[in-house]
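> Take this structure, written in structure tokens, and hold onto it; I'll ask about it next.
The values are calculated or read from the model by the stated rules, or taken from the named source; none is laboratory data. Everything numeric in this text was worked out from a predicted model, so none of it was measured. Reconstructed Cβ throughout: ideal geometry from the backbone, glycine too, with neighbour counts over all protein chains shown.
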Amino acid sequence: MTVRLALAGAGTIATMHAMAAEELGDAQVVSVASRTPERATRIATRIGAAVHTYEELPGGADLVIVATPPSMHAKHALWMLERGAYVIVEKPLCRTLAEADALVSADPNGTRILYGENLAFAPAVRDAITLVRSMGETGRPLVHLQARALQQRPSWGDFLTAEWGGGVLFDLGVHPLALVLLAARPARAIAVRAHLQGAADVPVDVAAQVQVELDSGLTALVEASWCEAQPTWDLEAASDGGTVRLELMPHLLLERNGEGVETAVPPETRSGGQPRSRTRAGSRDGPPQVRAYGYTGQLQAAITSTRSARPMPVGVDLGREILDVVCAAYASASTGGDTVSLPFAGPRDRTPLQLWGR
């Protein structure tokens, strides 16, 4: 049975989801909505979908991909749930912990909402996390865990505005935070210290350094930046038994103890075949990136859960956990880097940027 999809949003990320649907073959985008009707029409015309307003969604769809600005995530996801649809909510989950609480309450069994952390479904990431966790299982606990996402400022969208809810840590930084939290399992984050760097021409943070204290005794390091000319996305872990290194950008590479590890990624995206950073639906450059960075696997997982009514493999609770760390980090940065305990006990109705108070 073909699963019918709707796109709430028609930007770059929505396009990635549309390409993932094309690749799977058993999913069809039947509806597209956007703040900009021209964008919705452009995608819808190419893939044979109808154009709707947000209020008209799910528009006959079984599964809605919410790829709107973060300020609209909770509203749109709750709207779709009320109308019987399943939902993928793009990262970041939403702007406030109060909104995150509402989403968790609306899906108490974790069967209706998938948190859209695409890297959790990337083949190389899943292999890397398996390797990292296996080090702890041998009785040699981790002594080092670090993830980074460094790149240029975005030149599109509203990422640099206060309305977005936060800057580089809130938007880009949730990727390395997710990698650290998933790789460290079963350990959990218990405290955060953070330093944020602003810029004179924008109201948001453009660089972030975060220390995440885990209940295992390890302190993991996370760095996010919009100040780098060339992209660097990676994960490093070490124990007395060895090391694991994953590079996602500029090349895709997985190493254990300095030796390359084969992983189920398209050969076009391995070292020497860098994935392109932006594509258009239907582009020949698109599918390798869509597979390598987890969009295809993520959509397949959501479809499987939609058909079976089983819990989503990456539920909304992970999105709230990451936002909890993010809010605590912004609160820590507001004090110059003091330790803030988790779960975050501060205001749940404030955005990360408001907690920073810059």
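> Would you please list the contacts, defined by Cβ atoms under 6 Å and residues six or more apart or on different chains, that run from a residue in segment 287-298 that is without any contact (Cβ under 8 Å) to a residue 24 or more places away in the chain and in the same structural domain as Gln28 (by TED's automatic domain parsing) to a residue that is of a type in the set (Lys, Arg) and surrounded by fewer than 24 Cβ atoms within 10 Å (Cβ to Cβ)?
none
> OK, next. Any chance segment 133-146 includes a residue that's closer than 23 Å to Leu97 by Cβ, touching a strand residue (DSSP E or B) at 6+ places or on another chain (Cβ under 7 Å), surrounded by 19 or more Cβ atoms within 10 Å (Cβ to Cβ) and of a type outside the set (Asp, Glu)?
Among the residues of segment 133-146, not one is closer than 23 Å to Leu97 by Cβ, touching a strand residue (DSSP E or B) at 6+ places or on another chain (Cβ under 7 Å), surrounded by 19 or more Cβ atoms within 10 Å (Cβ to Cβ) and of a type outside the set (Asp, Glu), which makes the answer no.
> Name the single residue, out of those in segment 95-142 being in contact with a His (Cβ under 9 Å, 6 or more places away or on another chain) and outside any loop (DSSP other than H, G, I, E, B), that is nearest to Val261 (Cα to Cα).
Checked segment 95-142; the qualifying residue nearest to Val261 (Cα to Cα) is Leu119.
> Tell me which of these Ala178 doesn't satisfy, since it passes every other one: (1) under 16 Å from the mean Cα position of the chain (by Cα); (2) within 19 Å of Glu223 (Cα to Cα); (3) in a strand (DSSP E or B).
Unmet condition: (3).
> Hey, any hits in segment 334-341 for a residue that's under 18 Å from the mean Cα position of the chain (by Cα), within 18 Å of Gly173 (Cβ to Cβ) and either among the acidic types (Asp, Glu) or surrounded by fewer than 18 Cβ atoms within 10 Å (Cβ to Cβ) (or both)?
The answer is no; no qualifying residue exists.
> Any residue at all in segment 94-117 that is over 18 Å from the mean Cα position of the chain (by Cα), more than 19 Å from Glu321 (Cα to Cα) and not aliphatic (A, V, I, L, M)?
No.
> With surrounded by fewer than 16 Cβ atoms within 10 Å (Cβ to Cβ) and outside any loop (DSSP other than H, G, I, E, B) as the only criterion, which of Glu262, Glu228, Glu247 stands out?
Glu228
> Report, by residue number, each residue of segment 30-63 that is touching a residue at least 40 places away in the same chain (Cβ under 8 Å) and assigned to a helix (DSSP H, G or I).
Listed by number, the residues that qualify are Ile43, Arg46, Ile47, Tyr54.
> Being crowded, with 21+ Cβ neighbours inside 10 Å and touching a Phe, Trp or Tyr at 6+ places or on another chain (Cβ under 6 Å) narrows it down to one residue among Val290, Val314, Val325; which is it?
Result of the check over Val290, Val314, Val325: Val314.
> Another one. Could you tell me which residue of segment 151-185 is surrounded by the most Cβ atoms within 10 Å (Cβ to Cβ), considering only residues that are of a type in the set (A, V, I, L, M) and within 19 Å of Gly198 (Cα to Cα)?
Checking each candidate, the answer is Leu169.
> Does Asp338 count as acidic (Asp, Glu), at pLDDT 95 or above and not in a loop (DSSP other than H, G, I, E, B)?
Criteria not met by Asp338.
> Could you look through segment 265-285, keep only residues that are β-branched (Val, Ile, Thr) and in a loop (DSSP other than H, G, I, E, B), and pick out the one that is modelled with the highest pLDDT?
The extreme case among them is Val265.
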